[in-house]
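The values are calculated or read from the model by the stated rules, or taken from the named source; none is laboratory data. Just so it is clear, the structure is predicted and the values come from calculations on it, not from any experiment. Every residue, glycine as well, gets a Cβ built from its backbone with ideal geometry; the counts of neighbours run over all protein chains shown. Please note that ligands, DNA and RNA were not included when accessible areas were found on the heavy atoms of the full protein model with its side chains. Shrake-Rupley method; radii C 1.70, N 1.55, O 1.52, S 1.80 Å.
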Amino acid sequence: MNEDLQNNILKEKVEKALETIRPYLKADGGDVELVKVTPEGIVEVKLTGACVDCPMSLMTLRAGVERVLIREVPGIRRVEAVN
């Protein structure tokens, strides 16, 4: 399988996993956007809405988003927030 196809499949799996998290973020006025998935298994996301200024956003990123993505998508190693 070529690298682009693998990356697209990985992105689809990440998006599907993010959909399971979104209702919790939206309940507090926030959301998360997928920016990119690197070949090394690092997911870059952008926190939006209320998540931008929330003092708990790092905990949400690590304990919520990262934990779900690592559990649901094989090959994901880390999640990083980007602006």
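Which order do 60, 20 take when ranked by solvent-accessible area (1.4 Å probe, heavy atoms of all protein chains), largest first?
From most exposed to least exposed: 20, 60.
Pick out which of 17, 50, 27 has the largest mean-square fluctuation in a Gaussian network model of the chain, springs linking Cα atoms closer than 10 Å.
Answer for the Gaussian network model of the chain: 27.
State the label only: which of (i) 14.3, 44; (ii) 12.3, 33; (iii) 12.4, 42 corresponds to Rg and Dmax of the Cα atoms in Å computed from the shown model?
Structure-derived value, by its label: (iii).
How many percent of the accessible area of the chain is carbon or sulfur, using a 1.4 Å probe?
52 percent
Where does the chain land at 222 nm, in deg cm²/dmol rounded to the nearest 500, when only DSSP H runs of n ≥ 4 count, each adding -39500 (n - 2.57), divided by all residues?
-12500 deg cm²/dmol
Can you tally the net charge around residue 80? Count Lys and Arg as +1, Asp and Glu as -1, for every other residue whose Cβ sits under 15 Å from the Cβ of residue 80.
The answer is +2.
Only Lys, Arg, Asp and Glu count, each charged at its Cβ (+1, +1, -1, -1), so figure out the dipole size of the chain about its Cα centre, rounded to 20 debye.
Approximately 240 debye in magnitude.
Which whole-number percent gives the relative contact order of the chain, counting Cα pairs below 8 Å spaced six or more residues apart?
31 percent
For the stretch 56-62, just list the computed ³J(HN,Hα) in residue order, Karplus coefficients 6.51, -1.76 and 1.60, θ = phi - 60°, integers in Hz, with x standing in for Gly and Pro.
9, 4, 5, 5, 4, 5, 6
Using a cut-off of under 14 Å, list every residue of the stretch 33-70 whose amide N is near the label point 7 Å from the Cα of residue 6 along the Cα-to-beta-carbon line.
What the label zone holds, given the 14 Å backbone N cut-off, is 38-42.
Quick check: the angle from helix 3-27's long axis to the longest principal axis of the chain, C-alpha only, nearest 10 degrees?
Roughly 20 degrees between the two axes.
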